[in-house]
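Presented below is the structure to which this report refers.
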Amino acid sequence: IEPRTLKDGSKRYRVRVRLLGEAPRTKTFRRLTDAKAWAASVESDMGRGTYVPTTADRRRNLADLIAKYREEYLPTRGLTDADRQHAQLDWWLDNFGHVTLDKLRPEMVAEGRRKLSKRTIKGTDDPISGATVNRYLAALSAVCKWAWKELRWLPSNPVLDVSKARESTGI
């Protein structure tokens, strides 16, 4: 923990946690007690192998992730419905692209599900079906799964913790 004095005379405390085999984690605090608590928590999490976001992780947002997914992963899949998936991902970009990956949580995905459920079919007042809502969730889930398993940009897939919309039985 490094104490730093700013031009106005106030103090800040920069914490730098370094463990062998891990990217260093750095954060600055106004209070020394907050700095000590954060350092202890991060050291403990890193020692157990728990995901601790780096500064770069806190800067990346959903828009960055979707762009990388479209550029690097989608072309390798040879999907027949790639255009539909692009449109679904566009909706997530427009509504949640600004969300940083460290804030990408099941609550945010559930909020997206609620917004989708309120959408209507073009030219009518009929709401979109539960199956359509679930396809939007599946598109986001594919992106998050790739970020979690291959890029290690996410600690888990937050979409898996969100319940799906009810689908019609077809009767």
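The values are calculated or read from the model by the stated rules, or taken from the named source; none is laboratory data. If you're wondering where the values come from, they're calculated on a predicted model, not measured in any experiment. Note: accessible area is taken over every heavy atom of the protein model, side chains too, but ligands, DNA and RNA are not part of it. Shrake-Rupley method; radii C 1.70, N 1.55, O 1.52, S 1.80 Å.
A few remarks follow.
- Carbon/sulfur fraction of accessible area - the chain, other protein chains in place, 1.4 Å, %: 48
- Mean Cα-pair separation over length for the chain, i.e. relative contact order, pairs under 8 Å, 6 or more apart, %: 16
- Solvent-free Debye scattering, log10 I(q)/I(0), computed from the Cα coordinates of region 24-171 at q = 0.10, 0.21 Å⁻¹: -0.44, -1.34
- Annotation: per residue accessible area for region 48-171 equals 61 Å², rounded to a whole number [probe 1.4 Å, protein chains only].
- Ratio of Rg to Rh over region 107-171 (Cα coordinates, Kirkwood Rh, two decimals): 1.06
- Ligands, DNA and RNA excluded, the heavy atoms of Lys68 present near 50 Å² of accessible surface to a 1.4 Å solvent probe.
- Mean Kyte hydropathy of 0.0 or more with a Cα span along the axis of at least 27 Å, helices from DSSP in the chain: none
- Accessible surface of Ser168 - all protein chains present, 1.4 Å probe, nearest 10 Å²: 110
- Using distinct alpha-carbon pairs, which all enter the 1/r mean, Kirkwood radius of region 59-99 in Å: 10.5
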